[in-house]
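None of the figures in this text is laboratory data; all of them are computed from the coordinates on show. Please read these numbers as outputs of a predicted model, since none were measured by experiment. FYI the Cβ positions are ideal-geometry reconstructions off the backbone, even for glycines, and counts take in every protein chain you see.
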Amino acid sequence: MRKTKLANTGIEVPPVMLGGNVFGWTVNEADSLRILDAALDLGLNFIDTADIYSRWAPGHTGGESETILGKWLASDGKRSRVVLATKVGMDMGDGKTGLSAAYIAKAAEDSMRRLQTDYIDLYQSHQDDAKTPIEETLGAFERLMKAGKVRSIGASNYSGARLREAMETSVLTGLPRYATLQPHYNLMERAQYETDLAPVVAAYALAVIPYFSLASGFLTGKYRSAADAQGKARGGGVSKYMNTRGWAVLRALDEVAGEYHATPARVALAWLRAQPGVAAPIASVTSVAQLTDLVAATELTLDEASIAKLNVASSTAAEAAKG
C-alpha cells in the first residue's frame with residue numbers, strides 16, 4: 001500500500017486511517033484484536049482513538065478503546081509498526097475535561113498507561129476549550145514533545161476562527177503548531193467544513209483526517225430505509241440523512257460505484273481523498289471482511305466527471321437549504 005508523509009510531521013502513513021471508536025463498544029475485545037491484526041497485515045497501521053471512547057455506552061467509563069489497543073500493542077512488538085493517534089479534552093467525568101496544562105499532563109499519562117506505550121505519535125485536542133488560554137494548551141503539548149512523549153499534535157472540533165487563532169499563536173510565540181485537523185466531513189456533511197475550516201486548512205497547510213467519513217455507515221449504502229436503521233447502534237445517527245438529498249447522494253454513489261466496479265463505501269472514501277488538504281479519511285469497521293473496502297479505497301482514484309456527479313448530488317447549497 002502506498003504510504004505518504006503526513007504534512008508537517010514527517011510521519012509516514014497510509015491514505016486511510018482506521019477508526020478505533022468501535023473497539024470495546026460495538027466490537028468486543030476478541031474481535032477488535034482480530035481486526036487490528038488483519039489491518040496491520042494489510043498495511044493499515046494509522047489508528048485513531050480517544051480517551052473518551054466509549055464513555056457514552058451504558059456501563060462504560062471511557063478508556064475502553066485505548067485499553068484494547070494497549071493489549072494489542074503490547075504483544076509481538078507491534079508498537080514500532082503503528083502510527084498511533086489519540087485525543088484529550090472531552091468530559092471524562094469527575095472534573096476530568098478541558099485543555100489546561102495540568103489536565104493535559106495527567107490525561108497523557110493516563111492514555112499512555114492504557115495504551116501500554118511511552119509515546120503518542122499524534123496527540124489531538126478533542127475539542128476547543130475557551131476557558132483555557134491557547135498558549136497554556138500549546139505549552140503543555142510542548143513539554144510533552146520535549147520529553148519525547150508526543151511526536152506531533154492536532155486539533156479536532158474547532159471553529160475556523162479558533163483554529164486560526166491557535167495557528168497564529170504558534171506563529172507569534174514559537175510554540176508547537178497543530179499539524180492536523182480532524183473535522184466532521186463527508187459527502188453528507190460538507191457546509192461547515194468547506195465554508196469555515198477549509199480556508200484555514202489551506203492557509204496553514206494542515207493535514208486533514210476527517211471523522212465519520214462514511215456518515216455513520218449511511219454512505220456504505222446499507223441504510224436504504226428507516227427499517228434498516230432500526231435497532232442498530234448507529235441507527236439514530238443516520239436517520240437525519242434519510243431525505244431527498246440523502247437518497248440523491250446514494251444514487252450518485254451507486255452510479256459511480258457501478259462504473260468503477262467498486263462499492264459505495266470505496267467511492268465515498270475516494271471522494272474525500274480527492275478533496276484539498278485531506279490526508280487520510282478515518283473509517284471504522286466491525287469485521288475483518290470490511291477492511292477490504294478500506295484497502296480498495298486507497299487504490300481508487302475518481303475522474304473529474306465522477307467527482308462532479310458526487311459534488312452536485314451532495315452540494316453544500318442543498319445541505320444549507322435542508323438545514
Across the range 301-308, in residue order, what do the Karplus-derived ³J(HN,Hα) couplings come to in whole Hz, using 6.51 cos²θ - 1.76 cosθ + 1.60 with θ = phi - 60° and x for Gly and Pro?
10, 7, 7, 4, 5, 5, 4, 5
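List the relative contact order of the range 21-151 as a percent without decimals, with contacts defined as Cα pairs under 8 Å and 6+ residues apart.
Reported relative contact order: 23 percent.
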As a test, work out the antiparallel percent of DSSP beta bridges whose residues both lie in the chain, rounded to the nearest 5.
15 percent
Helix 64-73 versus the longest principal axis of the chain: what is the Cα-based angle in degrees, 0 to 90, to the nearest 10?
80 degrees
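Using alpha carbon coordinates only, what is the Rg to Rh ratio of the chain, with Rh defined as the Kirkwood radius?
Looking at the chain, the ratio lands at 0.95.
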I need the phi-derived Karplus couplings for the range 245-252: 6.51 cos²θ - 1.76 cosθ + 1.60, θ = phi - 60°, integer Hz, Gly and Pro marked x.
5, x, 5, 5, 5, 5, 4, 5
Coil-residue chymotrypsin sites (Phe, Trp or Tyr not before Pro) of the range 40-144, DSSP, other Cβ within 10 Å capped at 11
Trp56
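Show me the GluC sites (Glu not before Pro) within the range 238-323 that DSSP assigns to loop and that have at most 10 other Cβ atoms within 10 Å of their Cβ. Display every interim value, and only then the final one.
On the way: sites: Glu255, Glu259, Glu299, Glu304, Glu319; in loops: Glu299.
Counting only loop positions with at most 10 other Cβ atoms within 10 Å, none of the GluC sites (Glu not before Pro) in the range 238-323 qualifies.
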Ratio of alpha-carbon Rg to the 2.2 N^0.38 Å globular estimate for the range 4-182, to two decimals, please.
0.99
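Within the chain, what is the longest stretch that has no trypsin sites (Lys or Arg not before Pro) placed in a DSSP loop and near at most 13 other beta-carbon atoms within 10 Å?
3-130
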Each label point is 7 Å from the Cα along the Cα-to-Cβ direction; what then is the distance between the points at Thr316 and Asp94, in nm?
4.3 nm
If the chain between His261 and Thr195 were fully extended at 0.36 nm per residue, the gain over the current Cα-Cα distance would be 20.5 nm
Cross-link candidates for Lys149: which lysines have Cα within less than 28 Å, leaving aside residues fewer than 8 places away along the same chain?
Lys3, Lys5, Lys71, Lys78, Lys87, Lys96, Lys106, Lys131
Calc'd 3J(HN,Hα), the range 177-183, phi into Karplus 6.51 cos²θ - 1.76 cosθ + 1.60 (θ = phi - 60°), Hz, glycine/Pro = x, comes to 9, 5, 9, 10, 10, 10, x
Consider a paramagnetic label point 7 Å from the Cα of His60 along Cα→Cβ; state which residues of the range 263-287 have an amide N under 20 Å from it.
282-287
Report the far tail of the P(r) of the range 251-296, meaning the percent of Cα-Cα pairs longer than 15 Å.
45 percent
Nearest-ten-degree value, helix 29-41 long axis tilted from longest Cα axis of the chain:
80 degrees
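Which value in deg cm²/dmol, rounded to the nearest 500, describes the helix-derived mean residue ellipticity at 222 nm for the chain, given -39,500 (n - 2.57) per DSSP H run of n ≥ 4 and division by the residue count?
-12000 deg cm²/dmol
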Normalised contact order of the chain, rounded percent, pairs of Cα under 8 Å and 6 or more residues apart
18 percent
Place a label point 7 angstrom from the Cα of Glu109 along the Cα-to-Cβ direction, then list the residues of the range 42-83 whose backbone nitrogen is under 14 Å away.
none
